[in-house]
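Working notes, structure below.
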Amino acid sequence: MKRKYIYTIVAAALLVCLGMSVVFLRPDKEQQLVKEFLDQTFTKSEENAKLYQAVMDSPSVIGLGVDQQTQKETAGKAQQASEEFEKAYSTYLDSNGMDDFQNGLFGYMLDLYTADETWEISETEIMKDNDAYKFRVSMNVGDTPQEIQGRAEVIDGKIGSLDVTEL
C-alpha cells in the first residue's frame with residue numbers, strides 16, 4: 001500500500017515538473033514573433049522570390065521628357081509592389097519596423113535574389129536583451145558562410161524597431 005502511494009506521489013511530481021518546464025522553457029510570444037519574422041525573411045522561397053521580383057520590376061520613372069502615361073504606369077507598378085511587400089511583412093512589422101527593414105535588410109535580401117544565389121539558414125539564435133531581442137542568423141550563401149546580427153524590439157505585438165548591426 002505504501003509503495004502505491006509513493007509511486008503516485010513520484011508520478012504527480014514528475015507531471016508537475018514537466019508542466020513547469022513547458023511553461024518556463026517555452027519562448028515567449030515576442031521572441032517567437034522575431035523568430036518567425038527572421039525565418040520568413042531569410043528562407044528562400046517562391047513567394048519571396050515573386051515579391052522581390054515585383055519590387056525589381058517596379059521602378060518609378062519620372063522627370064523631364066517622360067510622358068504622363070509612362071509615369072502613371074510605373075507609379076502604379078511601384079504602388080502595387082509596395083502593397084504586396086507590406087502585405088507579406090505587416091504580420092510581423094509595424095510602420096517603423098517596416099521602414100527599418102526597408103533601410104537595412106531589404107537591400108541585402110534584394111541582392112541575394114538578384115544574384116540568384118543559393119542559400120539556407122543553418123542556425124537562428126534569439127536572446128532577450130532588456131526590452132529587445134538580439135538575433136544572430138547563420139547562413140550558407142553558396143559555399144560561403146555568412147552571419148547577420150541585429151536587434152529587434154517588439155512594440156504592441158509587432159516589431160517596431162529593427163537594427164541590423166552586422167551583415
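Could you check residue 50 against (1) open to solvent by 50 Å² or more (accessible area, probe 1.4 Å); (2) closer than 28 Å to residue 158 by Cα; (3) at pLDDT below 75 and say which number it fails?
(3)
Given the conditions (1) of a type in the set (S, T, N, Q); (2) touching a strand residue (DSSP E or B) at 6+ places or on another chain (Cβ under 9 Å); (3) more than 14 Å from residue 42 (Cα to Cα), which single one is not true for residue 122?
Of the numbered conditions (1) of a type in the set (S, T, N, Q); (2) touching a strand residue (DSSP E or B) at 6+ places or on another chain (Cβ under 9 Å); (3) more than 14 Å from residue 42 (Cα to Cα), the odd one out for residue 122 is (3).
Check segment 118-135 and report whether any residue there is in contact (Cβ under 8 Å) with a residue 40 or more places away in the chain and more than 18 Å from residue 36 (Cα to Cα).
Our first condition is that a residue be in contact (Cβ under 8 Å) with a residue 40 or more places away in the chain; within segment 118-135, this holds for 118-121, 124, 126, 128, 133, 135.
So of that shortlist, the ones also more than 18 Å from residue 36 (Cα to Cα) come out as 118.
Yes, because at least one residue in segment 118-135 is in contact (Cβ under 8 Å) with a residue 40 or more places away in the chain and more than 18 Å from residue 36 (Cα to Cα).
Can you tell me which residue among 18, 33 is at pLDDT below 85, in a helix (DSSP H, G or I) and out of contact with any Pro (no Cβ under 8 Å at 6 or more places or on another chain)? Talk me through it step by step, then tell me what you get.
Details: 33 fails: at pLDDT below 85.
Of the residues listed, the single one that is at pLDDT below 85, in a helix (DSSP H, G or I) and out of contact with any Pro (no Cβ under 8 Å at 6 or more places or on another chain) is 18.
For segment 143-156, indicate whether the set of residues that are of a type in the set (S, T, N, Q) and modelled with pLDDT of 95 or more is non-empty.
Let us first name the residues in segment 143-156 that are of a type in the set (S, T, N, Q), namely 144, 146, 149.
Narrowing the set further to residues that are modelled with pLDDT of 95 or more leaves 149.
Looking for residues that are of a type in the set (S, T, N, Q) and modelled with pLDDT of 95 or more, one finds at least one in segment 143-156, hence yes.
How many residues, within segment 123-139, are farther than 17 Å from residue 161 by Cβ and open to solvent by less than 40 Å² (accessible area, probe 1.4 Å)?
4
State the number of residues belonging to segment 76-113 that are at pLDDT below 85, open to solvent by 50 Å² or more (accessible area, probe 1.4 Å) and not charged (D, E, K, R).
3
Suppose we keep only residues that are over 17 Å from residue 36 (Cβ atoms) and acidic (Asp, Glu) within segment 136-167. Which one would you say is nearest to the chain's Cα centre (by Cα)?
So, considering only residues that are over 17 Å from residue 36 (Cβ atoms) and acidic (Asp, Glu), the one nearest to the chain's Cα centre (by Cα) is 163.
Please go through (1) over 17 Å from residue 54 (Cβ atoms); (2) in contact (Cβ under 8 Å) with a residue 12 or more places away in the chain; (3) not charged (D, E, K, R) for residue 69 and return the number of the only condition it doesn't satisfy.
Just one mismatch for residue 69, condition (2).
The values are calculated or read from the model by the stated rules, or taken from the named source; none is laboratory data. For clarity, every value in this text was computed on a predicted model and none was experimentally measured. Virtual Cβ from ideal backbone geometry, glycine too; neighbours counted across all protein chains shown. Protein only, heavy atoms only, side chains kept; ligands, DNA and RNA dropped before computing areas. Shrake-Rupley method; radii C 1.70, N 1.55, O 1.52, S 1.80 Å.
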